[in-house]
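Each value in this text was obtained by applying a stated rule to the coordinates, not by laboratory testing. As the structure is a computational prediction, the values presented were derived from the model and not from experiment. Quick reminder, even Gly has a Cβ in these numbers, built from the backbone with ideal geometry, and neighbours come from all protein chains shown.
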Amino acid sequence: MSRPFRAFKALAPACWIATIFLTSTVSGRAGESQYIREHYTKHEYQVAMRDGVKLFTAVYVPKDKSYNYPIILMRTPYSVSPYGPDDYIVLPGKQRTRYFHEGYIVAYQDVRGRYMSEGEFVNVRPYIPDKKGNRDIDETTDTYDTVDWLVKNVPQNNGRVGISGISYPGFYTSMGIIDAHPAVKAASPQAPVSKWMGGDDFFHNGAFLLSHAFDFFSGFGWPRPVPKKEPDPRFNHKTPDGYKFFLEMGPLPNADAKYLKNGVAFWNEIMQHGAWDAFWEARNILPHLKNIRPAVMVVGGWFDTENLFGALHTYEAIKEQNPGARDTLVMGPWSHGEWSRSDGQVLGDIDFGSKTADYYTDQVEVPFFNYYLKDQGTLNLPGAFVFETGGNQWHSLDSWPPKNLEARDMYLQVNGSLSWEPPTGSASSYREYVSDPSKPVPYTSEITNWYNPSFMLEDQRFAATRPDVLVYQTDPLKSSVTVAGPIAASVFVSTSGTDSDWVVKVIDVFPDNTPDPTPNPRNVRLGGYEMLVRGDVLRGKFRNSLSAPQPFVPNRPTKIEFMLQDVFHTFKEGHRIMVQVQSTWFPIIDLNPQKFVDIYHAQASDFQKATERIYSTPQYPSHIGFGLLRKSSSEK
């Protein structure tokens, strides 16, 4: 079956859009650049770390000498360009511009080994718990040394520092609050990288996020023998169609053989570490988020393809490992870093009824830093400030997930229905499909060679029509249902092969008479719209352990369980709840040969069709576990 596509929409890599806080080429921001030039003096420093390596740091200091100002520090691997004391930044989003208007000293730093900073760059550099002397460095020491230098050397500072960053800079922010310098009073890791093999960026439950990883590393991580101002190279796919590009690329070894040519060391390291091992354990920041003294506000987006896991688990790790910590979670209806570059009212086809990102910036983030760094205003942030999609409203909760959720299971029935009642069918009650790696299910209907940043709420009707996607749905709901927290997939499956991927998607089906949006430039038809609420994947051989893969016994019913990431969503009265199950999700997820092999060294001959079955019997009751919210007692 041919896959439907909408008109091509060119998309720059979202992680770069979200995390390059400054650039000299952003259009439409000349006025802000002029404001900064008129009100700030730019300084450039090479700040020495304890081991002697110097890190390039651009610091913007207010020209008004009437006050002492707090410092906002942002550390990035994506360049603090433009370089030169007379070349001022142009900021890409309201959130970042506000700190200049609010009266802050704003400091940007190229991290060790990137752009104009000296030293060796190490991806997600491991934390060293027991440091011995000045040669043991990590991102905590580089942050500490930078803060120490700034408060001692930058004029007009008030001795207080805040740290912030989105995505990879969110990782540096998280590292900066471990063993933090006493001057660091507040920090905001936003969509932070946390556990790359566990659920962030490049792996979900053992499955490899191919298009994201390739497009990221094909333009990031190339050798840099000496400091440089020039940007990283951008890979030319020579087609706007990522589905076509990656299908023609073939097995994973071809990525290096055809394109990277042994030029990106970390890509090859990934290929050698396809299961959880000491390499990945060393790069897991979550166990080290202890001894946190600054106030922390973790920010994420419910529709963040890259670091939804990082935001949720960073918040959770800080909360659990630091009793009494000032730890707040903010989750909005955003894609990756979208809160820093749009007003947050519309994502893809869905309108959230208000400018959620503007509200967050004005009423949450800026007041957070002003309170802790300037003694300005009052702060009434709850344990979790979260946006409910579907209902389109903000909630103040004591913590996340809400404490009093009712656990309910919704069962997949052999007739394609979805209900709260367990199945009653015979032992042979199952539905099946043939999964063909040569004709995988696309993850999006868009034509793009990056990932579609709005695919995590995209209309799934393009997938529901395929014979290799099973669809289960309820009758129209007689009353609204609000689900909160993680979703658990517990499914009994079998495969004719010895390995398989299992993709489970939870979908909100709109009534057929839902009116189209007004205005409607994209010609969206909301009647019957199948909005993806949450979807995720399990690489079947990792069903019991990420470190010890196991083959399937062909055609034997086997239980698989995995957690889909958290949601906060209301399925309204008259809507339906749908679940789709499939075994390919391409090219956001690489192809499983459906044969128990090392996929990172697989050959074309290893790939095979497989017959996949989903069981719905009293013995094998496949179901989805939800937490149902009782609003009256969960909110403040």
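When a/c reaches 1.5 or more, the comparison of a/b and b/c decides; with that in mind, is the range 405-634 rounded, prolate or oblate per its Cα gyration tensor? Verdict is oblate for the range 405-634.
Straight-line cross-link partners of K319 among the aspartates and glutamates, defined as a Cα under 15 Å from its Cα and at least 8 positions apart when in the same chain: D327, D398. Here, the range 256-321 has an Rg and a Dmax of 16.1, 48 Å when only alpha carbons are counted.
Once backbone amide H atoms are built at 1.01 Å from N, W394 has E388 as its partners under 5 Å, excluding neighbours fewer than 5 places away on the same chain. In the range 488-554, inverting the average of 1/r over every pair of distinct C-alpha atoms gives 15.0 Å as the Kirkwood radius. Rg then Dmax, both in Å and based on the Cα atoms of the range 194-341: 17.8, 53. Each residue of the range 344-351 in order: what ³J(HN,Hα) in whole Hz does its phi give by Karplus 6.51 cos²θ - 1.76 cosθ + 1.60, θ = phi - 60°, with x for Gly and Pro? Taking θ as phi minus 60°, the curve returns x, 8, 10, 10, x, 9, 9, 9 Hz for the range 344-351.
With both residues required to sit in the range 405-634, DSSP beta bridges show an antiparallel share near 95%.
Principal axis extents of the C-alpha atoms in the range 218-275 (largest first, rounded to whole Å): 37, 31, 17. According to the square roots a ≥ b ≥ c of the eigenvalues of the Cα gyration tensor, what is the shape class of the range 269-373, taking rounded for a/c under 1.5, prolate for a/b larger than b/c otherwise, and oblate for the remainder? Verdict is oblate for the range 269-373. Of the beta bridges in the chain, as assigned by DSSP with both residues counted there, near 70 percent are antiparallel. Only lysine pairs 8 or more places apart, or on different chains, with alpha-carbon atoms under 23 angstrom apart are counted in the range 405-634, and they number 18.
Here D343 and N555 are evaluated by their C-beta separation; at R0 = 56 Å the FRET efficiency comes out at 0.60.
Taking 7 Å steps out from each Cα toward its Cβ at Q46 and N262 produces label points 3.3 nm apart.
Peptides 194-205, 430-441, 264-275 ordered by packing proxy, namely the average of other Cβ atoms within 10 Å per residue, highest first: 194-205, 430-441, 264-275.
Computed per residue of the chain from DSSP H runs no shorter than four, each worth -39500 (n - 2.57), the mean residue ellipticity at 222 nm is -5000 deg cm²/dmol. Local charge for G52 was computed over the other residues whose Cβ lies under 14 Å away, with Lys and Arg +1 and Asp and Glu -1, and equals -2. Calculated FRET efficiency, Y67 to K478, Cβ-Cβ distance, R0 = 56 Å: about 0.40 to the nearest 0.05. Is the shape of the range 570-636 rounded, prolate or oblate, going by the alpha carbon gyration tensor and its root eigenvalues a ≥ b ≥ c, with a/c under 1.5 for rounded and a/b larger than b/c for prolate? Prolate shape, in that a/c is at least 1.5 and a/b is the bigger ratio. What the pair-distance distribution of the range 445-504 shows, using all Cα-Cα distances binned every 10 Å from zero, is 13, 33, 40, 13, 1 percent. For Cα extents along the principal axes in Å, several values are listed as (i) 168, 75, 50; (ii) 80, 57, 55; (iii) 79, 56, 48; flag the one computed from this structure. Answer by label: (iii). For a straight C-alpha distance cut-off of 15 angstrom, the aspartates and glutamates reachable from K42 (same-chain residues fewer than eight places away being disregarded) are E32, D64, D86, D87. For F208, the residues whose amide H sits under 5 Å from its own are D590, ignoring neighbours fewer than 5 places away on the same chain, with H placed 1.01 Å from N.
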